[in-house]
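Participant: Sharing a structure, written as structure tokens. Questions coming.
What follows is calculated from the coordinates using simple rules that are stated; it is not laboratory data. Since we're looking at a predicted model, the values are computed, not measured. Neighbour counts run over all protein chains shown; Cβ positions are idealised from the backbone, glycine included.
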Amino acid sequence: APVKKLQGLRFTITAGPTREAIDPVRYISNHSSGKMGFALAEAAVKAGAQVTLISGPVQLATPAGVARIEVLSAEQMLEAALAAAVNSDVFIGCAAVADYRVAEIATDKLKKGNDNELQLKLIKNPDIIASVAALTQQRPFTVGFAAETRNVLDYARQKLLNKRLDMICANDVSGSQIGFNSEQNAVSVIWRGGELDLPVQPKQQLAEQLIALISQHYKT
Ligand code: C5P
């Protein structure tokens, strides 16, 4: 049998988009497929970890052995993430959390008016991974993702510091071959003591390499 390097370690992983309601029938969201987060959950379980996967609405089957918690909004994801994080050794924030939500969700379906314009007021969502990284007790080793279209490494290094993460996986999403909704991905991983480029490859394979890298740097 393969060596289960992560036996006894508890992982919490967020994945997919969040969905922010406008009214009972409409919402704001994004194109995140959840594939990278689900691949990480599968790779962590295969390495022997106990995995909680907090997922926004996606069309993916739960990998065998993974405990899945389904959420819709960023606020729901935050609540689930904090509850799971305090009982975790490693937290990976792979979700594409909506930066903003609608300030006041209409209780009834919005009606089309005579006006040619409709204004929606948006307010900032909580930063889930920054909230986890800010925990003072029971803080897990915290790994983020940074999808960028330019200055990828610079922005990622800033996010590592600003969000107080232990590690960040920078993802160039300017091309369509990798990242969002694709089968492949490539990342530059940055931590406090170094950097490593992981080239374009299927998300499952990349996930295995990332989980191996996390297990090397976890509590070192
Ligand atoms: O700031 P940005 O959205 O680029 O940061 C990406 C990282 O932060 C990802 O790890 C993502 O899951 C996490 N994030 C979060 N909560 C937010 C926004 C981003 O956890 N509201």
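Participant: Do the conditions hold for ASP115, that is, is it over 25 Å from ILE190 (Cα atoms), in contact with a strand residue (DSSP E or B) (Cβ under 8 Å, 6 or more places away or on another chain), part of a loop (DSSP other than H, G, I, E, B) and among the acidic types (Asp, Glu)?
Facilitator: The answer is no for ASP115.
Participant: Residues being closer than 23 Å to ALA212 by Cβ, in a helix (DSSP H, G or I) and either within 12 Å of the ligand (Cβ to nearest atom) or among the acidic types (Asp, Glu) (or both): count how many of those fall in the range 26-78.
Facilitator: 4
Participant: What is the number of the single condition among (1) outside any helix (DSSP H, G or I); (2) surrounded by fewer than 22 Cβ atoms within 10 Å (Cβ to Cβ) that ASP154 does not meet?
Facilitator: (1)
Participant: Could you please give the count of residues in the range 79-91 that are among the β-branched types (Val, Ile, Thr) and assigned to a loop (DSSP other than H, G, I, E, B)?
Facilitator: 1
Participant: Still on this structure, I have one more. LYS35 is checked against (1) touching a Ser or Thr at 6+ places or on another chain (Cβ under 9 Å); (2) surrounded by fewer than 20 Cβ atoms within 10 Å (Cβ to Cβ); (3) among the basic types (Lys, Arg); (4) touching a residue at least 40 places away in the same chain (Cβ under 8 Å) and fails just one. What number does that condition carry?
Facilitator: Condition not satisfied by LYS35: (2).
Participant: Determine whether SER131 is over 15 Å from ILE28 (Cα atoms), hydroxyl-bearing (Ser, Thr, Tyr) and within 16 Å of the ligand (Cβ to nearest atom).
Facilitator: yes
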